[in-house]
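As structure tokens, the structure follows; a few thoughts come after it.
The values are calculated or read from the model by the stated rules, or taken from the named source; none is laboratory data. Computed from a predicted model, the values in this text were never measured in an experiment. With ideal geometry, Cβ positions are generated from the backbone for all residues, glycine too; neighbour counts draw on all protein chains shown. Note: areas computed on protein heavy atoms with side chains; ligands, DNA, RNA excluded. Shrake-Rupley method; radii C 1.70, N 1.55, O 1.52, S 1.80 Å.
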Amino acid sequence: MILKASTRGSPNALARHLLNEQDNEHIEQHEVRGFMSEDVAGALAEVHAMSAGIKSRKPLFSVSLSPPENAQVDTAVFERTVEEIEQQNGLTGQPRITLFHEKEGRRHMHAVWSRIDHERQAVIALPFYKNKLHEISKGLFLEQGWNLPAGYIDRTERDPRNFDLALYHQAKREGRDPKTLKMLAQEAWAVSDNRETMQQALEARGLYLARGDRRGYVALTWQGEAMALSRLLGRKTKEVRERLGAAEDLRDIEQTRDHIARSVGPTLHRLMGEVERAKVTEMAPLSRERQAMRDAHASERQRMAEGQAARQQTETQERAARLRNGLSGFWDRLSGRYAKTHEQNEREAYAGFMRDRDQRQAMTEAQLAERQALQQRIVAVRQGHDTRLSEIHRDLAEQRGAVRSPSARLDWLQANQQRTQAEATLSRNTEQGRSGSEDRLHWLQDRYSRSADAERDAGRDSGPELGPDMG
């Protein structure tokens, strides 16, 4: 189980994130402990008020607990992990919130502690909490029999596509997968040895090299989103500068945006529009199916919750009826019958609690399995879309002036397909890339044949319009 944590402020912003129903298909409040309020928003509002009193900027400790993909994890495992995190970091007894998020067929937990010590009116320090969480996480992988990530054995073997929160939000604004963006940049780095070849390799992947505000290197998407190149590559700024040299003579961010708009902007808007419309058409039935599944799953959970609540009330009344009142109750206490009945009631109440939790767990696992099957189809569409976007950028970077007649275009397409398949071995998504190449060939053949017909009608014999600076 991957554990990611941070000390943070802005309790109200965290509440909005935890209760965000737009990005999460199901949100389940698991526990609110140590607060006057019984809900997440109210509890975090209390922390906000208390932090103002002691002038603390980071009164919260937030941890996300993410199991491996497609792993079915019992709620008890999450609970034990939260308890261990609490003990290892000196937060025992502190007010705490736990809740589950489900999206795209995956279930993970968020745990949030208040760091405010009421007696001392100070914030509890959390020294070396990342190292402690790393050890807890590693122990969980071994305990559950999950495959240990390579980075846990050797830090140099960590997945280079791992991303931070800043890159996640940037990719989200672009409608792209942050792992895909990092993979594209790292492919360009792998096939280049200086700034010129790096610039060409990035442009073939839809990224444009520019000088950042601090004279460092940044990569811009064609829509103008600027990302630190060292962050995309997962390398130190010094290492990037040693290979690419100083960035002073490069275009700055605004100049690069203007260059993109003049050179490839109109063509990309037209071609990307075609791809986006195709994606929307493919995704529409899957989106309807996802929404219907979400509503059906929510209804099933609501019915189970209502049924369990009614059964619990009935069983509680039956157990209460066993404890007699008056003289009979007094005699039961003297004879020891009351103690035996009370102990029996506790056992039955605990058994009922475990039965209900097991039923909820079984339903959750069944629904997640159904949702994961749908997610595989959604991912296939996304991967096909990403492949087409990448191929458009590559075509625009290489085709201008290289191909003239329709027959030559077909030869170029076939040669480019072979090169694409060879380059795809550099990425972790090789199989998906290879499966999309054949679809790309048919799609591009159709596009270029239509372009050739239009050129003949206009009396011209040139490649598709790519912009004045692409020649």
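As a test question: what accessible area, to the nearest 10 Å², does Tyr217 have when a 1.4 Å probe is rolled over all protein chains in place?
30
Name the long-range amide H neighbours of His30: under 5 Å, sequence gap of 5 or more, or other chain; modelled H, no Pro or chain starts.
Thr98, Leu99, Phe100
In the range 301-380, which trypsin sites (Lys or Arg not before Pro) fall in coil by DSSP and have 15 or fewer other Cβ atoms within 10 Å? It would help to have the intermediate numbers written out before the result.
Values: sites: Arg301, Arg303, Arg311, Arg319, Arg322, Arg324, Arg333, Arg337, Lys340, Arg347, Arg355, Arg357, Arg360, Arg371, Arg377; in loops: Arg322, Arg324.
Passing sites in the range 301-380 are Arg322, Arg324.
Against the empirical 2.2 N^0.38 Å scaling, what ratio does the C-alpha Rg of the range 1-157 come to?
On the way: Rg = 15.8 Å, N = 157, 2.2 N^0.38 = 15.0 Å.
Scaled against compact globular proteins, the figure is 1.05.
Relative contact order for the range 49-144: what percent, with Cα pairs under 8 Å and sequence separation of 6 or more?
33
Using the Kirkwood radius over C-alpha pairs as Rh, can you work out the diffusion coefficient of the range 217-268 via Stokes-Einstein at 4 °C, viscosity 1.567 mPa s, in µm² per second? If you can, show how the numbers build up before the last one.
On the way: Rh = 12.0 Å.
Approximately 108 µm²/s, per Stokes-Einstein.
Just report the Cα centroid separation between the range 31-110 and the range 277-294, whole Å.
33
In a Debye calculation with equal point scatterers on the alpha-carbon sites of the range 172-313 and no solvent, what is log10 I(q)/I(0) at q = 0.09 Å⁻¹?
Each listed q corresponds, in turn, to -0.44.
Counting Lys and Arg as +1 and Asp and Glu as -1, each charge on the Cβ, what is the dipole of the range 185-260 about the Cα centre in debye, to the nearest 20?
Numbers: 13 positive and 13 negative charges, 68 e Å.
Charge dipole of the range 185-260: 320 debye, to the nearest 20.
Using a/c under 1.5 as the rounded threshold, could you call the range 95-150 rounded, prolate or oblate? The axes a ≥ b ≥ c are square roots of the C-alpha gyration tensor eigenvalues, and prolate needs a/b larger than b/c, oblate otherwise.
Details: a/c = 3.51, a/b = 1.56, b/c = 2.26.
Note, shape of the range 95-150 comes out oblate.
Tabulate in residue order the Karplus-calculated ³J(HN,Hα) for the range 321-336, using 6.51 cos²θ - 1.76 cosθ + 1.60 with θ = phi - 60°, rounded to whole Hz; enter x for Gly and Pro.
Couplings: 5, 6, 8, 7, 10, x, 5, 5, x, 4, 5, 4, 5, 5, 7, x Hz.
Any lysines with Cα under 20 Å of the Lys130 Cα? List them, leaving off those in the same chain fewer than 8 positions away.
Partners within reach: Lys4, Lys58, Lys138.
What is the ratio of the Cα radius of gyration of the range 239-284 to 2.2 N^0.38 Å, where N is its residue count, to two decimals?
On the way: Rg = 16.9 Å, N = 46, 2.2 N^0.38 = 9.4 Å.
After normalising by residue count via 2.2 N^0.38 Å, the value is 1.79.
Find the relative contact order for the range 14-100 and round it to a whole percent, using C-alpha pairs within less than 8 Å whose residues are 6+ positions apart. Working shown, then result.
Working: 51 pairs, mean separation 42.6, N = 87.
That works out to 49 percent.
In nm, to one decimal, how far is the Arg277 label point from the Ala373 one, both placed 7 Å along Cα→Cβ?
Here the answer is 3.4 nm between the modelled labels.
Ignoring ligands, DNA and RNA, what percent of the 1.4 Å accessible area of the range 1-160 is carbon and sulfur? Please list the in-between numbers first.
Values: 3880 of 8300 Å².
Looking at the range 1-160 in its full context, I get 47 percent from C and S.
Under a Cβ-only charge scheme (Lys and Arg +1, Asp and Glu -1), can you give me the dipole magnitude of the range 231-345 about the Cα centre, in debye to the nearest 20? Intermediate values should be presented prior to the final figure.
On the way: 24 positive and 18 negative charges, 102 e Å.
Dipole about the Cα centre, nearest 20: 480 debye.
Describe numerically, in nm with one decimal, the distance between label points set 7 Å from Cα along Cα→Cβ at Glu28 and at Gln291.
Result: 2.5 nm between the two label points.
Classify the range 247-327 as rounded, prolate or oblate, taking a ≥ b ≥ c as the square roots of the eigenvalues of its Cα gyration tensor: rounded when a/c is under 1.5, otherwise prolate if a/b is larger than b/c and oblate if not.
Working: a/c = 11.86, a/b = 3.00, b/c = 3.95.
Judged from the Cα gyration tensor, the range 247-327 comes out oblate (a/c at least 1.5, b/c at or above a/b).
Taking θ = phi - 60°, what integer Hz values does the Karplus form 6.51 cos²θ - 1.76 cosθ + 1.60 yield along the range 141-146, in sequence order, with x for Gly and Pro?
3J(HN,Hα) across the range 141-146, in whole Hz: 4, 5, 5, 8, x, 7.
Which Cα, out of Gly273, Thr316, Ser328, lies furthest along the positive dipole direction of the range 249-329 (beta carbon charges, K/R +1, D/E -1)?
Among Gly273, Thr316, Ser328, the one farthest towards the positive end of the dipole of the range 249-329 is Ser328.
Quick check: with the 1.4 Å probe, what order do Asp258, Asp356, Asp249 take by accessible area, largest first? Could you put the intermediate results ahead of the total?
Working: Asp258 85, Asp356 15, Asp249 115 Å².
Greatest to least solvent exposure: Asp249, Asp258, Asp356.
What does the net charge come to around Lys58 if you take all other residues with beta carbon closer than 10 Å to its beta carbon, with K and R at +1 and D and E at -1?
+3
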